[in-house]
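For reference, the structure discussed in these notes is given below.
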Amino acid sequence: MQFYVLAPVIVLLLREFFRSRGKAALVVLFFAGCFACEMAVLFEPGSDSSRVYYGLDTRIAEILVGVALAYAEGYIERLNALQTRLLQCASWCGLAYLVAVSIYGRGYMTWLYRGGFFASALVCAIVVSGAIVPGAISRVLSTRPLQVVECLHVALSLDPTDEPRQAYFCASVVGLGGGSWRFPPDYRGQLSFC
């Protein structure tokens, strides 16, 4: 069962039981922590980690962090100036952490299964929170070249598995996505799927 089947049910239950979006976010984070603990318990170093990596019950923790962020967005937008500056600083530190993990982290490392995926999801939520409020990180992350790279990344992650079609699809995505950056803004929405 995929998460998109469960998501509406989870949102409706949270809306029914919690009138406060902040309390709902905390409940979602609590369950995300529980699922991250399940991943840590089920992972055995040196053995096949497919069940732990691909299982919905173990990987849902990262998705739930995003759900909690969606619930907390209203609170983030109402931060005062000092809180906004602290969030911006934390976002830059989080971005540095994510770059370091992207460079040095490997899928077989034990620390990833023992809280690393969950910590990375929390750090991503901090970076996204920093991009929600006006500041330097939101300006940097909203530059057009980074938007094109993100669009290409998402499109390439959805590629078909058939090798001849995969090569054609990747070339099409790179051509259309990269080309859309060069067209004037009036035509960008008509010529690009990104």
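The values are calculated or read from the model by the stated rules, or taken from the named source; none is laboratory data. In this text the structure is predicted, and so the values were computed from the model without any measurement. Here the Cβ positions follow ideal geometry from the backbone for every residue, glycine too, while neighbour counts run over all protein chains shown. SASA here: full protein model, heavy atoms, side chains in, ligands and nucleic acids out. Shrake-Rupley method; radii C 1.70, N 1.55, O 1.52, S 1.80 Å.
Annotations
- Nitroxide proxy distance, nm - points 7 Å out along Cα→Cβ at Val11 and Val99: 3.4 nm
- Here the alpha carbons of segment 1-123 define both size measures, Rg and Dmax, at 16.1, 49 Å.
- In this rough spin-label picture, where each label sits 7 Å from Cα along the Cβ direction, the Glu150-Ser20 distance is 3.1 nm.
- Estimated at 0.36 nm per residue, the fully extended path between Val41 and Cys89 surpasses their Cα-Cα distance by 14.0 nm.
- In segment 1-154, the portion of solvent-accessible area held by carbon and sulfur atoms comes to 69 percent [1.4 Å probe, whole percent, DNA, RNA and ligands not counted].
- With a simple spin-label model that places each label point 7 Å from the Cα along the Cα-to-Cβ direction, the separation between Arg139 and Leu56 comes to 4.4 nm.
- Phi angles of segment 98-110 translate, via the Karplus equation with coefficients 6.51, -1.76, 1.60 and θ = phi - 60°, into HN-Hα couplings of 5, 5, 5, 5, 5, 7, 9, x, 10, x, 9, 6, 4 Hz per residue; Gly and Pro are given as x.
- Restricting the chymotrypsin sites (Phe, Trp or Tyr not before Pro) of segment 30-116 to loop positions (DSSP other than H, G, I, E, B) with no more than 11 neighbouring Cβ atoms within 10 Å leaves Tyr108.
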